[in-house]
Number of protein chains: 4
Amino acid sequence: MSAARRGRPPAGPERRDALVSAAYERLAEAGFEGLRLRDVAAAAGIDHSTIHHHFATKQDLVVAVVDHTTRQFWSTTPPDGGPADRLRRHLATLGRKIAEQPELHVVLRELDLRARRDPELRTIIAAREEGWRDSLRTLLAAAAEAGALVTGVTPDTGAELIIATVKGASLTPDRALNVLELLERLLIRA
Amino acid sequence: MSAARRGRPPAGPERRDALVSAAYERLAEAGFEGLRLRDVAAAAGIDHSTIHHHFATKQDLVVAVVDHTTRQFWSTTPPDGGPADRLRRHLATLGRKIAEQPELHVVLRELDLRARRDPELRTIIAAREEGWRDSLRTLLAAAAEAGALVTGVTPDTGAELIIATVKGASLTPDRALNVLELLERLLIRA
Amino acid sequence: MSAARRGRPPAGPERRDALVSAAYERLAEAGFEGLRLRDVAAAAGIDHSTIHHHFATKQDLVVAVVDHTTRQFWSTTPPDGGPADRLRRHLATLGRKIAEQPELHVVLRELDLRARRDPELRTIIAAREEGWRDSLRTLLAAAAEAGALVTGVTPDTGAELIIATVKGASLTPDRALNVLELLERLLIRA
Amino acid sequence: MSAARRGRPPAGPERRDALVSAAYERLAEAGFEGLRLRDVAAAAGIDHSTIHHHFATKQDLVVAVVDHTTRQFWSTTPPDGGPADRLRRHLATLGRKIAEQPELHVVLRELDLRARRDPELRTIIAAREEGWRDSLRTLLAAAAEAGALVTGVTPDTGAELIIATVKGASLTPDRALNVLELLERLLIRA
DNA sequence: CATGAATGAGTATTCATTCAT
DNA sequence: AATGAATGAATACTCATTCAT
């Protein structure tokens with residue numbers, strides 16, 4: 001009713017989301033280095049000064065993008081099944097997502113680097129990653145108890161290895177699926 | 001008369017190297033996002049417009065930094081010994097270097113991301129990485145022939161897994177050593 | 001229903017006064033240079049776009065502030081008594097007011113300067129000042145007739161001297177009282 | 001030889017002075033409220049970004065203007081003669097300068113107000129004014145010793161009265177001369 | 001009356017690059 | 001080679017004002 005009255009200004013609250021999405025896309029295309037509020041506004045179809053009505057500062061928009069991006073990754077996590085199977089599916093899902101949606105993981109790597117110099121982002125990203133790490137540890141502990149894990153792999157280092165490999169694999173998306181398949185075979189007993 | 005007046009301005013040709021080193025350090029600290037020619041010049045102790053006598057454009061300096069950085073990484077590669085041992089030493093050396101010299105690997109990740117949008121850097125970096133990949137493949141093929149490799153690992157995917165894990169591990173330097181140790185145990189037969 | 005919900009939004013007509021007072025205070029604190037409608041609105045506890053329901057333009061609000069401020073100063077004038085005494089009391093009152101309420105006189109000086117570039121303000125302020133000047137002239141003429149004035153002081157130049165000194169003294173509020181006391185002794189016969 | 005090579009860019013070091021003069025003039029015309037670096041640059045005939053080559057920030061330029069302006073006022077002070085005469089000449093010179101060069105004194109009043117909110121300017125201006133105050137006190141003390149001063153005027157309050165009156169008189173330049181003449185007659189014994 | 005969203009002209013500042021010396 | 005002055009396009013952010021609700 002109120003949206004798309006004359007076709008140009010979409011509406012009120014969803015405008016904020018449109019800005020975050022546009023910023024996410026610009027970040028994927030151009031990196032932090034090339035992230036310009038003007039481009040974000042243009043992509044969202046609004047005047048660039050209107051951005052500041054929704055986000056006081058560029059950093060505030062970036063924080064919203066971090067939230068949006070890490071949340072999107074989080075939805076990746078698998079539901080249920082046997083521990084070995086769940087781990088298998090988790091890695092397979094990640095491998096597929098990296099191949100299908102490479103920008104998401106590229107942006108996540110961009111955020112990892114930016115977080116080194118930005119305490120605010122560091123806090124948010126560390127919290128989200130900690131959630132992933134915890135769920136991996138739980139999964140690996142269950143798999144170990146079920147005797148499905150290769151000997152010598154503790155839940156702790158196993159989780160770190162998975163995190164590192166997923167992150168590194170996301171830098172070369174077309175090879176990610178194969179890499180994560182091999183990792184899975186190395187971790188889980190035949 | 002004016003050169004080496006107080007020992008500060010090194011000279012003519014090594015001035016170029018000083019600029020590359022300064023740019024590398026700025027890149028490690030601030031990322032591409034925060035790389036300013038003025039800062040680089042200041043760190044090298046010269047006027048910022050003098051940079052253009054050594055590098056026509058900022059991109060030229062960046063290319064030189066890429067060369068400098070990837071070369072530094074390359075020097076990391078191990079010399080000789082048995083194939084399993086050489087692989088072990090390679091991963092151990094990398095793990096140690098990441099812990100000791102984290103900025104080098106952070107800069108390399110920065111370059112990986114930048115290369116996605118910059119064909120010139122992509123070419124250089126891909127060529128250097130291809131060298132690393134080749135030597136890993138050779139190493140893994142030798143290890144496989146010696147029966148030292150876990151079954152199911154081909155030289156191709158094994159090399160990809162190592163590359164991915166090393167890259168991902170470099171994003172959390174303090175955990176890198178443990179991660180690479182585990183990878184090594186998973187790849188090499190006891 | 002929505003008005004006076006929590007006692008904060010006063011009502012309809014007095015809202016206008018609240019805005020003028022808030023603007024006066026902002027002007028005292030930050031000068032014309034730092035006068036922002038948003039700040040004024042925030043200080044009055046309303047949305048900044050609501051200001052435009054009371055004052056079509058910023059200038060309109062400024063005009064209202066000028067009226068408010070000059071009126072406040074006007075109330076300063078003394079009632080009655082003998083001419084010399086009335087003059088004495090006038091200067092003493094001014095000196096005290098400057099010390100007690102320095103912002104009022106600082107704002108008046110701000111207005112004097114602004115009036116140089118703003119014909120609308122100039123007209124208003126000149127009219128108000130003319131009233132003060134007239135009453136000073138009348139007072140001085142009466143004092144002269146009563147023989148209470150030092151020789152050589154005409155009502156005209158005497159009034160100008162008083163006006164100039166009061167204005168200048170208001171720039172250093174803590175010394176104003178002493179300055180005006182001395183002026184009084186110089187003008188009035190012992 | 002180097003200046004006015006093609007007529008447009010005047011030269012190097014005097015460019016700084018040209019900017020200060022231009023800023024002073026803009027300040028006189030538009031006040032702090034209307035002081036724009038773009039206008040200053042345009043008045044000096046250079047690109048507005050070039051300003052930052054000479055003054056890192058707007059505040060730095062303002063500080064230079066304060067220095068320039070207060071220095072100009074200072075040069076107003078009279079040389080020598082008998083104490084009463086020197087005081088007479090000082091007030092007469094000030095009265096004439098205010099009438100001839102009203103913008104200078106308007107800018108000085110602008111600075112007085114700005115100094116209330118700007119500690120950096122406050123320090124500079126207070127120091128300069130203290131110099132004026134001191135010289136006035138010395139002058140009045142000499143005049144008092146010579147018996148040329150009206151009874152009841154101490155060097156301290158006399159100096160304050162002069163300062164206040166000069167400041168206030170500068171707000172209405174065409175009446176300043178008369179006001180200061182009257183002040184002189186009130187202070188100095190016939 | 002009141003609001004929140006939107007606008008657009010404007011504001012200081014940044015920065016790679018050019019040029020004369 | 002080196003420098004300092006100059007440039008101009010770009011950059012985040014501001015602010016009075018408008019408009020639909």
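A few remarks follow.
- Checking each residue in the range B:1-21 for being within 13 Å of DNA strand E (Cβ to nearest atom) and modelled with pLDDT of 95 or more picks out only B:Leu19.
- Scanning the range D:69-83 for residues that are closer than 30 Å to D:Gly147 by Cβ and open to solvent by 20 Å² or more (accessible area, probe 1.4 Å) returns D:Trp74, D:Thr77, D:Pro78, D:Pro79, D:Asp80, D:Gly81, D:Gly82, D:Pro83.
- Top-ranked residue of the range B:123-134 - restricted to ones that are farther than 18 Å from A:Val179 by Cβ and small (Gly, Ala, Ser), ranked as surrounded by the fewest Cβ atoms within 10 Å (Cβ to Cβ): B:Ala127
- Whichever residue in the range C:13-37 is open to solvent by 70 Å² or more (accessible area, probe 1.4 Å) and over 22 Å from D:Asp118 (Cβ atoms) and, among such residues, is nearest to DNA strand F (Cβ to nearest atom): C:Arg16
- Residues of the range A:45-68 classified as near DNA strand E (Cβ under 8 Å from one of its atoms), loosely packed, with under 14 Cβ neighbours inside 10 Å and assigned to a loop (DSSP other than H, G, I, E, B), total: 2
- Here the helices (runs of 4 or more DSSP H) wholly within the range C:86-190 that include at least 2 residues being over 14 Å from the mean Cα position of the chain (by Cα) and among the small types (Gly, Ala, Ser) are C:119-145, C:155-169.
- Looking across A:Arg89, A:Arg109, one residue alone is crowded, with 19+ Cβ neighbours inside 10 Å and among the basic types (Lys, Arg). It is A:Arg109.
- Residue within the range D:88-106 that is of a type in the set (A, V, I, L, M) and under 18 Å from D:Phe32 (Cβ atoms) present: yes
- Condition broken by A:Ala143, with the remaining ones in (1) over 24 Å from A:Arg96 (Cβ atoms); (2) touching a strand residue (DSSP E or B) at 6+ places or on another chain (Cβ under 6 Å) satisfied: (1)
- Any pair with Cβ under 6 angstrom, 6 or more apart, that starts in the range C:41-57 at a residue that is farther than 17 Å from C:Pro13 by Cβ and ends at one that is basic (Lys, Arg) and near DNA strand F (Cβ under 9 Å from one of its atoms): C:His48/C:Arg38
- Test: residue in the range A:169-186 that is among the basic types (Lys, Arg) and within 15 Å of A:Leu108 (Cβ to Cβ): no
- Pick from the range C:144-153, criterion among the aliphatic types (A, V, I, L, M) and either open to solvent by less than 20 Å² (accessible area, probe 1.4 Å) or touching a residue at least 60 places away in the same chain (Cβ under 8 Å) (or both), ranking: nearest to the other protein chains (Cβ to nearest Cβ): C:Val153
- Each residue in the range B:38-84 was checked for being away from DNA strand F (no atom under 16 Å from the Cβ) and either more than 20 Å from the chain's Cα centre (by Cα) or among the charged types (D, E, K, R) (or both), and 7 of them qualify.
- Sole exception among (1) among the charged types (D, E, K, R); (2) free of Cβ contacts under 8 Å to residues at least 60 places away in the same chain; (3) open to solvent by 20 Å² or more (accessible area, probe 1.4 Å) for B:Glu120, by number: (2)
- The range B:154-187, residues that are facing another protein chain (nearest Cβ under 7 Å), crowded, with 22+ Cβ neighbours inside 10 Å and of a type in the set (Val, Ile, Thr): B:Thr165, B:Val166, B:Val179
The values are calculated or read from the model by the stated rules, or taken from the named source; none is laboratory data. Source: prediction; values computed, not measured. Quick reminder, even Gly has a Cβ in these numbers, built from the backbone with ideal geometry, and neighbours come from all protein chains shown. The protein model used for the area step is the full one, side chains on, heavy atoms only, and it has no ligands, DNA or RNA in it. Shrake-Rupley method; radii C 1.70, N 1.55, O 1.52, S 1.80 Å.
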